[in-house]
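Here is the structure we will look at, set down as structure tokens.
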Amino acid sequence: MGGQEIEQLIRLLGRLPGFGPRSARRVALYLLKEPQTRLAPLAHAMERASNAIKTCSSCGNLDTIDPCHICSDPLRDQGLICVVETVGDLWALERAGVHRGVYQVLGGTLSPLAGIGPEDLDVAPLFEKLNKGTVREIILALGATVEGATTMHWLMDQLAPYGGVTVSRVAQGVPMGGALDVLDDGTLAAALGARRPA
């Protein structure tokens, strides 16, 4: 079919979410038909992103600065924190434009079967903010999965000692088994707008 370089390109593309061997071959063929206008700019952009992207030490977002643009924005409400599972969930909420506070990206959910425990979640920055006493409300915007519900209950137990902080969770609009990063903007807006006490 092709040389070693082409095979490696197809293999790497096939590892991307939503790509199988067939779609990886189709994309590789598309890129290779015009390598100077399709493949080279993509490779250059990926190299630049690889060198420039940082993980925000405050919230876990991916950005070119640390703290990220959201955390360092003086117009964002630092007392309103939305807890999400992944950066994809954060980006989905930002795309919908429904949250004017800041975030905490957990980097996953509790899953005993997968060996993911509380120590694997990025919650330390959240508790640092809570201990400063400037947080008014925490919104738990986790997916409506068994792992999301388990993580939400664990977080609510951890947040119980902070009596002056309101803990809410996203409500209607997030279907059982649904992930935030695949929902449309209207559904996300409804879910965040109709949050209720946890």
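The values are calculated or read from the model by the stated rules, or taken from the named source; none is laboratory data. Just so we're clear, the structure is a prediction, and the values are computed from it rather than from any experiment. No Cβ is skipped: glycine too gets one built from the backbone with ideal geometry, and neighbour counts run over all protein chains shown. Ligands, DNA and RNA are excluded from the accessible area calculation, which covers all protein heavy atoms including side chains. Shrake-Rupley method; radii C 1.70, N 1.55, O 1.52, S 1.80 Å.
Those residues that are in a loop (DSSP other than H, G, I, E, B), open to solvent by 50 Å² or more (accessible area, probe 1.4 Å) and at pLDDT below 75, I need them from the range 155-198; list them, please. Don't jump to the end; show me each part of the working.
Of the range 155-198, the ones in a loop (DSSP other than H, G, I, E, B) are 160-165, 170-179, 183-184, 194-195, 198.
Okay, now just the ones that are also open to solvent by 50 Å² or more (accessible area, probe 1.4 Å), so 160-164, 172, 175-177, 184, 195, 198.
Residues satisfying the conditions are GLN172, PRO175, MET176, GLY177, ASP184, ARG195, ALA198.
Take the residues in the range 86-137 that are among the small types (Gly, Ala, Ser) and open to solvent by less than 20 Å² (accessible area, probe 1.4 Å); name whichever of them is farthest from PRO161 (Cα to Cα). Show your work before the answer.
Quick first cut of the range 86-137, residues among the small types (Gly, Ala, Ser) only: 88, 92, 96-97, 101, 107-108, 111, 114-115, 117, 124, 133.
Imposing the further condition that a residue be open to solvent by less than 20 Å² (accessible area, probe 1.4 Å) reduces the set to 92, 101, 108, 111, 117.
On the way: ALA92: 30, GLY101: 22, GLY108: 23, SER111: 24, GLY117: 21 Å.
So, considering only residues that are among the small types (Gly, Ala, Ser) and open to solvent by less than 20 Å² (accessible area, probe 1.4 Å), the one farthest from PRO161 (Cα to Cα) is ALA92.
Given the condition over 30 Å from THR166 (Cβ atoms) and not hydrophobic (A, V, I, L, M, F, W, C), answer yes or no: does some residue in the range 55-69 qualify?
yes
In the set LEU130, LEU90, LEU126, LEU106, which member is of a type in the set (A, V, I, L, M, F, W, C) and more than 17 Å from ASP157 (Cα to Cα)? Full working, then the answer.
Working: LEU130 fails: more than 17 Å from ASP157 (Cα to Cα); LEU126 fails: more than 17 Å from ASP157 (Cα to Cα); LEU106 fails: more than 17 Å from ASP157 (Cα to Cα).
Result of the check over LEU130, LEU90, LEU126, LEU106: LEU90.
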